[in-house]
Amino acid sequence: MSSLVELAQTLVEHDNFLIVSHEHPDADSIGSMLGLFHTLSFLGKKCQLICDDPVPDYGWPGMECFRTMEEIQPFETAIVLDCEPSRTGKFVSILADASFLINIDHHQGNNAECSYQFVDPKQAATAMIVYKLVKLLGVPFSPEIAKSLYGGILGDTGGFRYSNTTYDVFLAAAELVTHGALPADTARELFECKSFEFLKILGFALSKIQLSTNKKIAWMALTCQDFHDFSVDPSDCDQLIQYARMVAGTEIAILFREVAPQEIRIGFRSHRVSIHTLASHFGGGGHLLAAGAKVEGMALPAVIEAVLAQAHQVLE
Ligand SMILES: [Mn+2]
């Protein structure tokens with residue numbers, strides 16, 4: 001049974017870290033990576049931050065330290081944050097070189113094989129776990145650490161709106177604000193600063209939103225051609241699902257993105273019904289009320305049909 005104290009001890013005992021997270025990093029993966037990077041650096045540890053996808057330009061301290069696959073220097077200990085190691089894309093092979101592999105996550109069902117694993121699905125964000133680690137390690141919250149972790153928590157709680165927004169989350173956020181996190185700036189960076197192209201495709205997606213006959217499922221589907229027409233990267237459009245989720249009276253929201261022919265990314269959101277099993281049915285995973293999957297080898301209309309049929313079963 002792993003504990004946070006043991007995890008803190010494990011970090012102290014190791015050095016020369018490589019920190020990595022999932023593909024298409026979100027606010028929590030970036031915030032927890034940066035927060036841990038600043039913390040380990042404070043402890044005098046050698047540390048590399050790695051990401052091969054474009055990192056959203058939130059302007060948080062340390063973002064300039066991200067390196068690509070080609071720039072990786074020799075390392076000893078790898079830390080995978082906010083996902084299981086198999087979801088790190090092209091870094092999977094690099095992680096095999098680590099003499100010690102640590103996995104820190106809050107996703108339900110993560111039971112990956114590694115040297116040391118700490119998974120707590122009760123935590124609202126991986127940044128919450130890192131926040132607790134920082135305290136256990138006795139590292140003072142610098143503005144750099146505070147801003148990064150606050151951003152991660154704000155991202156995964158949807159701006160303190162989702163059901164994972166607990167008393168603990170508010171306490172952590174308050175402490176981070178004391179140490180330099182900036183609520184208004186971070187909220188704007190995460191939720192209110194969209195590219196012109198994104199707003200155009202949002203308008204298009206809203207005009208195409210669909211509702212099941214029982215009015216319980218709202219979904220949106222965008223094709224490769226749509227992304228091309230609007231000059232938007234499909235990876236930058238995962239937030240569209242927030243809008244499908246707003247339809248009054250619905251239980252489940254689904255976003256289909258055809259990122260390449262016969263490669264469909266599916267996002268699921270729910271207000272109450274667990275959609276975790278729905279996502280795992282299609283090879284994905286996530287949380288009880290927010291999950292995702294990727295289906296390959298099927299065309300978009302067939303995927304939509306299969307997923308909607310399964311979603312109706314979940315509601316029965
Ligand atoms: Mn997360």
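The values are calculated or read from the model by the stated rules, or taken from the named source; none is laboratory data. Fair warning: this is a prediction, and the values are worked out from it, not measured in the lab. Here Cβ is always computed from backbone atoms with ideal geometry, including for glycine, and neighbour counts include all displayed protein chains.
What the table shows:
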quantity	calculated
Helices (runs of 4 or more DSSP H) within segment 107-189 that include 2 or more residues within 13 Å of the ligand (Cβ to nearest atom)	126-137, 143-156
Qualifying positions in segment 1-58 - in contact with a strand residue (DSSP E or B) (Cβ under 6 Å, 6 or more places away or on another chain), closer than 23 Å to ASP120 by Cβ and among the β-branched types (Val, Ile, Thr)	THR10, ILE19, VAL20
Residue check for GLY44: more than 15 Å from the ligand (Cβ to nearest atom), in the same structural domain as ALA27 (by TED's automatic domain parsing) and touching a helix residue (DSSP H, G or I) at 6+ places or on another chain (Cβ under 9 Å)	no
Elements of type helices (runs of 4 or more DSSP H) contained in segment 1-101, each with 1 or more residues being acidic (Asp, Glu), surrounded by 15 or more Cβ atoms within 10 Å (Cβ to Cβ) and touching a residue at least 40 places away in the same chain (Cβ under 8 Å)	27-42
Flag if VAL295 is free of Cβ contacts under 8 Å to residues at least 40 places away in the same chain, over 21 Å from LYS215 (Cα atoms), surrounded by fewer than 23 Cβ atoms within 10 Å (Cβ to Cβ) and hydrophobic (A, V, I, L, M, F, W, C)	yes
Residues of segment 87-106 satisfying the condition of being polar (S, T, N, Q) and within 16 Å of the ligand (Cβ to nearest atom)	THR88, ASN103
Residue match in segment 294-315 (condition: within 18 Å of HIS22 (Cα to Cα) and not in a strand (DSSP E or B))	no
Condition met for ILE94 (aliphatic (A, V, I, L, M), closer than 24 Å to GLY155 by Cα and not assigned by TED's automatic domain parsing to the domain that holds ILE275)	no
Residue match in segment 20-41 (condition: more than 16 Å from the ligand (Cβ to nearest atom) and more than 19 Å from SER148 (Cα to Cα))	no
Residue list for segment 157-193, filter: in contact (Cβ under 8 Å) with a residue 60 or more places away in the chain, within 15 Å of LYS147 (Cα to Cα) and surrounded by fewer than 16 Cβ atoms within 10 Å (Cβ to Cβ)	none
Residue within segment 26-35 that is over 15 Å from GLY62 (Cα atoms) and more than 23 Å from the chain's Cα centre (by Cα) present	no
Looking only at segment 102-118, and only at residues there that are among the aliphatic types (A, V, I, L, M) and over 20 Å from GLY151 (Cα atoms), the one that is surrounded by the fewest Cβ atoms within 10 Å (Cβ to Cβ)	ALA112
Unique match (being under 30 Å from THR277 (Cα atoms) and either aromatic (Phe, Trp, Tyr) or touching a strand residue (DSSP E or B) at 6+ places or on another chain (Cβ under 6 Å) (or both)) among PHE160, PHE66, PHE75, PHE141	PHE160
